[in-house]
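I have placed the structure first, in the form of structure tokens, so that the comments after it can refer back to it.
The values are calculated or read from the model by the stated rules, or taken from the named source; none is laboratory data. Treat the numbers as computed from the prediction; the structure is a model and nothing was measured. Methodologically, a virtual Cβ is constructed for each residue, glycine included, from the backbone with ideal geometry; neighbour enumeration extends over all protein chains shown.
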């Protein structure tokens, strides 16, 4: 199978996954119970029954679920993700447009920190295999990996903000600063492009705690996989050959060992993206970060079907795309995969 | 390109990113250090004021309803950070009295004064001249008229559009899309003769008689009509601006442009910047009509205060630790602190101050007992429950001892109508409770009860568990069930719908239900409010006990059929006794801490005082920040 066919096959599979998740989410969210109009309008549903029925009719709430799903798909085919009751009926696409860039900011830095810390400690652990350093690293990553993001977030908040006052407790930037204009839609990039360094610095500092919380939870996976991979590779025949050729141990370790040992990290990267993106749901709520995770929780609390579905679609798209990219990258570097 | 340079590319990218990150963090801390003295600076002049240049407030939630004042129709935005800071109403209450003695005294705000006809049905408001909205549009009777009818239209022509009070006969008006089109075409600053002929039509319940006079004609007398204009729908926005920016919308689709682009108001502050779900930045309104009010005038009516700080930032921070951290570190001068961190606040009374409601307030917590479902439909059984619940214990263990005793349904602040007949709280008396239980004839072993509380309220669950333990002492088994907000309505909870609607689902509604989602406060501070909502056969919502009674109904109906207060009191005294005997609710008490288990706390070294909302946190639970005063300021 050539690479193009492989990519097409994976893309079709990804579309199927997306549709399946969407359908399951639609059915599950509509099975939450109660009358959503009371979540949407609160007490006003009782105060203004005519209004409640007007909303119910407009959003087909009194129709069977499959009819509602039909209307949703029709809207979706026209690029309309619906209107979000938990955000006062703003278009879901608009809310996602406002919140996704913030989630991407956290995601980017969390992934970066996860990889840097994970690889660094993985290399050290492999290099000092079965020494106290290796054991200490293992203890650290096991503790991180065993802790949920919201717990790590709270600990960081208490230690770094409350005890030492080093970092802001929440939000995405200092409200006293001028916000950047819309260029790419991602505030930190836009502020750099505009030369608004104060905003960039503020946004950067605000992103540290949530990103660090996520990185602490997930770097251990990278460390662990890299350590195992390094140890395995350092016993491979070609390493023995390199040693026989008289190469120094540093060159063998980093040039011949590390490069190949990083291969599993490529396939792991899609999982890391998945964990981190889903982890943002928790840390955004701890740190009042105005991203998509916070929106999803509000949508869930408010029985906001369009909001739940819209965010789920975006999450699935991000996860499926990262998996697809990882699969393709893996197929590029390892032909056995696409042939297999 | 060589292999070596290829392999160095990712490394170089990472190095660049690290340099940017380090530089960014460096810039942040350098600017923080240089700006820190500014944000908390104090002047050193003789008339020293400790007011910071920026007042930062952490609230517990972003306003549901965003900043769109059209949503006032839905009893949101809540919390409404724009109440009295951006939007003012024709009348207000005396905030000082409300937060000290708990008295509800109506004062003029955008209306200079008003008169009422001898039959109690026609209220004529004389509006302040020379008042303008923050964008320069004039405030006049036409704007008020346009807003009122526009909101009526958005309600789907619901007669009870005015904060749930059906006081107008709206059938005589024909306000519709064509009227809005006429308003849009004409404008409300200098209305056309065609629009004037509509606005001056006295057969409609609301009409103007000139640019500064508006008349409200009620369908029957209601002594407390001005009270209904204090908040929510009564807050006046620039309808002319609304018409120029897409209009009202439709009943099922309000104009969402105003969600994050609030309409101008007449208040002392304007919205300068909005970051959705994060914060709103306010600056002083340079054209505020009340900027030159004398100290005496402000003291007499503190909600008119022009404010003492140029910039105010209100953050929405959902995490209690984050808010407490901001407060204790000085990042925020005022913060809502809830149960989790409240012990830290009260342990440091030298450092923190906090808002305490008076004993006689309109904010309370309670439990409804389903009067329609077996076995709680048995009056003796309900009396058994009342006498088995230890209210003092709940106050001490859940509300930090800060519950003032209450005997509903009237709010304690409505002193003239509160606890008519001086009935005591139900005594905690297990012997008596067991006697009532025996009289009820209910086999408790076969009839466990369900008790629903809202998942967003931790102390509600704690209190429910104490009730569970209390009732276990007389053999009643209670299952406490925490419902998500999506299920805290019909069919499991009755109070979100009308009495008649709740009757239909009464057998599924919990035997006991926490009253509302946490604490309850009114939308309008009238003495009729509690009666209208909790025990009324025709209530639109909030009759969580699904309770009505003909004797009680006479009292309720009297509020809107006579101006004779004595006659109303007489009927309501009988009603009070009936309710006492029927025991549909456990009135746990009036909360003295704003959040029940916590309150609005502030840095004592900076803040000297503040007022909260005019309906005892029925509209917002944080400072009305123009009333915030600072240590050392005049």
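Restricting to helices (runs of 4 or more DSSP H) lying wholly in the range B:308-396: which have 3 or more residues that are crowded, with 24+ Cβ neighbours inside 10 Å?
Output list reads B:320-329, B:379-388.
Collect the residues in the range A:159-178 that are over 21 Å from residue A:293 (Cβ atoms) and in contact with a helix residue (DSSP H, G or I) (Cβ under 7 Å, 6 or more places away or on another chain), keeping them in residue-number order.
Those that are over 21 Å from residue A:293 (Cβ atoms) and in contact with a helix residue (DSSP H, G or I) (Cβ under 7 Å, 6 or more places away or on another chain): A:162, A:165, A:166, A:174, A:177, A:178.
State the number of residues belonging to the range B:296-342 that are away from chain A (no Cβ under 14 Å) and without any contact (Cβ under 8 Å) to a residue 40 or more places away in the chain.
3
If I go through the range A:147-166 residue by residue, how many of them are outside any helix (DSSP H, G or I) and modelled with pLDDT under 90?
Residues of the range A:147-166 outside any helix (DSSP H, G or I): A:147-148, A:164-166.
Now restrict to residues that are modelled with pLDDT under 90: A:164-166.
Residues that pass the stated criteria total 3.
I'd like to know if the range B:532-550 contains one or more residues that are surrounded by fewer than 24 Cβ atoms within 10 Å (Cβ to Cβ), in contact with a helix residue (DSSP H, G or I) (Cβ under 6 Å, 6 or more places away or on another chain) and part of a helix (DSSP H, G or I).
No, because not a single residue in the range B:532-550 is surrounded by fewer than 24 Cβ atoms within 10 Å (Cβ to Cβ), in contact with a helix residue (DSSP H, G or I) (Cβ under 6 Å, 6 or more places away or on another chain) and part of a helix (DSSP H, G or I).
Would you be able to say whether some residue in the range B:498-505 is within 12 Å of another protein chain (Cβ to nearest Cβ), closer than 24 Å to residue B:596 by Cβ and either modelled with pLDDT under 95 or assigned to a loop (DSSP other than H, G, I, E, B) (or both)?
Filtering the range B:498-505 for residues within 12 Å of another protein chain (Cβ to nearest Cβ) gives B:498-502, B:505.
Subsequent filtering for residues that are closer than 24 Å to residue B:596 by Cβ retains none.
Checked the range B:498-505: no residue is within 12 Å of another protein chain (Cβ to nearest Cβ), closer than 24 Å to residue B:596 by Cβ and either modelled with pLDDT under 95 or assigned to a loop (DSSP other than H, G, I, E, B) (or both).
For the range A:168-217, which residues satisfy the criterion of being at positive phi and more than 10 Å from chain B (Cβ to nearest Cβ)?
The answer is A:185, A:195.
Yes or no: residue A:311 surrounded by fewer than 20 Cβ atoms within 10 Å (Cβ to Cβ) and part of a helix (DSSP H, G or I)?
Numbers: surrounded by fewer than 20 Cβ atoms within 10 Å (Cβ to Cβ): no; part of a helix (DSSP H, G or I): yes.
So residue A:311 does not fit the description; no.
On the given criteria, is residue B:426 part of a loop (DSSP other than H, G, I, E, B) and modelled with pLDDT of 95 or more? Break it down stepwise before answering.
On the way: part of a loop (DSSP other than H, G, I, E, B): yes; modelled with pLDDT of 95 or more: yes.
Judged against the criteria, residue B:426 is a match.
A quick yes/no check of all residues on (1) in contact with a helix residue (DSSP H, G or I) (Cβ under 8 Å, 6 or more places away or on another chain); (2) surrounded by 22 or more Cβ atoms within 10 Å (Cβ to Cβ):
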residue: B:429; (1), (2): yes, no
residue: B:460; (1), (2): no, yes
residue: B:470; (1), (2): yes, yes
residue: B:474; (1), (2): yes, no
residue: B:485; (1), (2): yes, no
residue: B:490; (1), (2): yes, yes
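Residues checked against (1) more than 14 Å from chain B (Cβ to nearest Cβ); (2) surrounded by fewer than 19 Cβ atoms within 10 Å (Cβ to Cβ); (3) without any contact (Cβ under 8 Å) to a residue 60 or more places away in the chain:
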{"site": "A:233", "(1), (2), (3)": "yes, no, yes"}
{"site": "A:241", "(1), (2), (3)": "yes, yes, yes"}
{"site": "A:255", "(1), (2), (3)": "no, yes, yes"}
{"site": "A:270", "(1), (2), (3)": "yes, no, yes"}
{"site": "A:282", "(1), (2), (3)": "no, no, no"}
{"site": "A:293", "(1), (2), (3)": "no, no, no"}
{"site": "A:296", "(1), (2), (3)": "no, no, yes"}
{"site": "A:325", "(1), (2), (3)": "yes, yes, yes"}
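Residue check, residue B:475 against (1) assigned to a loop (DSSP other than H, G, I, E, B); (2) under 26 Å from residue A:31 (Cβ atoms), all met but one. Which one?
Here residue B:475 clears every test but (2).
Return the pairs, sorted by first residue and then second, in which the second residue is part of a helix (DSSP H, G or I) and modelled with pLDDT of 80 or more, the first residue lies in the range A:28-39 and is at the interface with chain B (Cβ under 7 Å from one of its Cβ atoms) and over 12 Å from residue B:497 (Cβ atoms), the beta carbons are less than 6 Å apart, and the residues are 6+ apart or on different chains.
What qualifies is A:33/B:487.
Take the range B:250-270 and flag every residue that is assigned to a strand (DSSP E or B), within 12 Å of another protein chain (Cβ to nearest Cβ) and closer than 23 Å to residue B:89 by Cα. Before you say what the answer is, go through the steps one by one.
As a first pass, look at the range B:250-270 and keep what is assigned to a strand (DSSP E or B): B:250, B:253-254, B:269-270.
This time we only want the ones that are within 12 Å of another protein chain (Cβ to nearest Cβ), so: B:250, B:253-254.
Of everything in the range B:250-270, just one residue is assigned to a strand (DSSP E or B), within 12 Å of another protein chain (Cβ to nearest Cβ) and closer than 23 Å to residue B:89 by Cα, namely B:254.
Can you name the residue in the range A:57-75 that is facing another protein chain (nearest Cβ under 9 Å) and assigned to a helix (DSSP H, G or I) and is also surrounded by the fewest Cβ atoms within 10 Å (Cβ to Cβ) among such residues?
In the first step, residues of the range A:57-75 are kept if they are facing another protein chain (nearest Cβ under 9 Å); the result is A:57-59.
This time we only want the ones that are assigned to a helix (DSSP H, G or I), so: A:57-58.
On the way: A:57: 12, A:58: 14.
So, considering only residues that are facing another protein chain (nearest Cβ under 9 Å) and assigned to a helix (DSSP H, G or I), the one surrounded by the fewest Cβ atoms within 10 Å (Cβ to Cβ) is A:57.
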